[in-house]
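All of the numbers you see were taken from the coordinates with simple rules; none came from a lab. Source: prediction; values computed, not measured. Here the Cβ positions follow ideal geometry from the backbone for every residue, glycine too, while neighbour counts run over all protein chains shown.
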Amino acid sequence: MRRVAVIGTGQTKHAKARDDATQSELVRQATTRALADAGITIHEVDAIVLSNMELFEGRALPEMWVGEGAGGYRKPVMKIATGGTSGTSACIAGYHQCASGLFDIVLVVGWEKHSEGATQTGMALTDPLWDRNVASGAVGNFALSISQYVAARGVTPQQAAKVAVKARRNATRNPYAHLQIDGITVEQVLQSRMLADPVHLLDMCPQSDGACAVIYAVEDRAKKFCPRPSWVRAAVTRHDQPYIGDLDRRLVTMRTLRDAAREAYQRVGITEPLREIDVAEIYEPVSYAELAWYEALGFCAEGEAGRLIDDGVTEMNGELPVNPSGGVLSTNPVGASGVLRVAEAAMQVMGRAGDHQVPDVRLALATGYGVYAWSDVIILSAD
Amino acid sequence: MTELLRVPHTMTLAWRYGTSWYFAEFIRALRDERRLLGLRCPACRRVYLPPRPVCGNCYAELREWVEVKDSGTIRAFTIVHTPIIDPTSGQLRPTPYGMALIQLDGADTTLNHYLAENDPSQLQIGMRVQAVWRKERSGMLSDIVHFVAMNNEQ
Ligand SMILES: [Zn+2]
């Protein structure tokens, strides 16, 4: 395995509806920004990995229609679609292509244009022989597993709301973030419309239009092009059983994320994640999930996640800032959301995160969450 | 600058999903006999609903049918307030409605289905519930209208 680093990232402005740009144009914007950030041209790129959930837009073969926006002509191009993990899985695939020695420079681009389609219906297209008749989409499914998490751990709606407030406060320092709602309070979250008990509107991620790109290079190229590359130290993915009812208390146990984190930490030699990791960009589609991920990622003991948010440990000035970008709770173009986690973690290591930069980042964590069947963990470092 | 436009498209689509042997048997028993059948793993002994040809944990082939009751225990619940488009009808589903993960008696997995109750203060994890069936059955989960609280606690 060769050493590989992220040498450039680029993203579009994310918004509820980017009527000014087609899918291909969003991809082109993110790609050209990443190329400029890396200081290379498309001609140096050896291969491209795309990430998109085409069902949401109802346009088949996006790797063909949209691939040109990524500069894909006459290059190896493939696409990955695994729900919310699509972007992190595409980043893992791109890393594998580079680390294996197949390619020296690999571009990963994820995008989604939810404004063009019917996302909630797409989410409800579950097994037609089994639960499609009784499907309640992403919000209903999250709310079900949250009821188990709340019963097991005793976290409060106020603690979940603090996660939602933190994300939106951080997003105001990120000019690319979709939701720009400055100064919202815990009370406002709790008074926002109830989607499915106990999940309020402001506890939930939005649906966004946007794209994000990441460029990997092998060691000699990375050192040539980048003054402070973001080295990939671990990239782990885990898959699980398909049906919502297959897994016992999945948000409580979240064995895919626990297993992936354990293996990633072992590879890097991390024994105290909260102390050793400098910043995390985790895939939190709903406020309660971030609390569950604190436990699954070993940031705290089981049942301690509420205390972590109460004590401000994961705020921008805390011991381990979580989602300085504003996270999925502020920006969620699904095919891009995982790429955004990796890009934002890499930007923190490279010192290019602008107004939401955490000082002196050496070790950064990114995660992906796909339905309830996949988890990805990626660790980046300055050395 | 030219005014930006949106071009709408509406489609009516039809699919035909094959059942294989295991869903064919499940649908037959549900439709003709009002019985719910699960498959037991020969290795870990878990009883799976929905039926499937392989246990994901053991990668063992599943062949042993086990009858599962139409009563069970609530393992998770919510009241859904946000209307979603019902993927089987294309229409907005009226809200609010109760949803639960229900562990049917005899099964190791849980079933997501509707509850008659939509007041969260009347629900708790561990509650016993019973299926309410439609008169006409098609072999689909919608043959069950919803689940209601059992009067006699067991
Ligand atoms: Zn088994």
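Structure values in brief
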{"quantity": "Estimated FRET transfer efficiency (residue A:43, residue A:248; beta-carbon r; R0 60 Å; 0.05)", "calculated": "0.70"}
{"quantity": "Length released on extending from residue A:276 to residue A:188, taking residue separation times 0.36 nm less the Cα-Cα span", "calculated": "28.3 nm"}
{"quantity": "Calculated SAXS-style log₁₀ I(q)/I(0) at q = 0.21 Å⁻¹ - the stretch B:21-149, Debye, Cα scatterers", "calculated": "-1.23"}
{"quantity": "Point-charge dipole on Cβ atoms (K/R +1, D/E -1) for the stretch B:21-149, about Cα centre, debye to 20", "calculated": "160 debye"}
{"quantity": "Spin-label zone in the stretch A:45-62 - amide nitrogen under 12 Å from a point set 7 Å from the Cα of residue A:74 along the C-beta vector", "calculated": "none"}
{"quantity": "Rounded Å value of the spacing that divides the Cα centres of the stretch A:169-242 and the stretch B:88-154", "calculated": "35 Å"}
{"quantity": "Within-15-Å neighbourhood charge of residue A:62 [Cβ basis; K, R +1; D, E -1]", "calculated": "-4"}
{"quantity": "Averaged over A:140-153, number of beta-carbon atoms from partner chains that fall within 10 Å", "calculated": "5"}
{"quantity": "Antiparallel DSSP beta bridges within chain A, percent to nearest 5", "calculated": "75 percent"}
{"quantity": "Proximal aspartates and glutamates relative to residue B:69, as straight alpha-carbon distance under 15 Å, when same-chain residues fewer than 8 apart are discounted", "calculated": "B:33, B:105, B:108, B:143"}
{"quantity": "Shielding by other protein chains, A:236-249, mean Cβ within 10 Å", "calculated": "5"}
{"quantity": "FRET efficiency for residue B:59 and residue B:132, using Cβ-Cβ distance with R0 set to 35 Å, rounded to 0.05", "calculated": "0.40"}
{"quantity": "Average other protein chain Cβ within 10 Å of Cβ, residues B:62-74", "calculated": "0"}
{"quantity": "Only Lys, Arg (+1) and Asp, Glu (-1) charged, at Cβ; the protein assembly as shown dipole about Cα centre in debye", "calculated": "700 debye"}
{"quantity": "Cα-based helix-to-principal-axis angle, B:20-33 vs chain B, degrees rounded to 10", "calculated": "80 degrees"}
{"quantity": "Subset of A:13/A:75; A:13/A:162; A:13/A:166; A:79/A:162 violating a 30 Å alpha-carbon distance limit", "calculated": "A:79/A:162"}
{"quantity": "Charge dipole (the stretch A:263-383, unit charges on Cβ, about Cα centre) - positive-most of A:340, A:285, A:298", "calculated": "A:340"}
{"quantity": "Over 47 Å [Cα-Cα, the protein assembly as shown], rounded percent", "calculated": "11 percent"}
{"quantity": "Inter-part distance where the stretch A:86-164 and the stretch A:285-342 are each reduced to a Cα centre, Å", "calculated": "15 Å"}
{"quantity": "Local net charge near residue B:34, Cβ-Cβ under 14 Å (Lys/Arg +1, Asp/Glu -1)", "calculated": "+1"}
{"quantity": "Formal net charge of residues neighbouring residue A:323 (Cβ-Cβ distance under 14 Å; K, R +1; D, E -1)", "calculated": "0"}
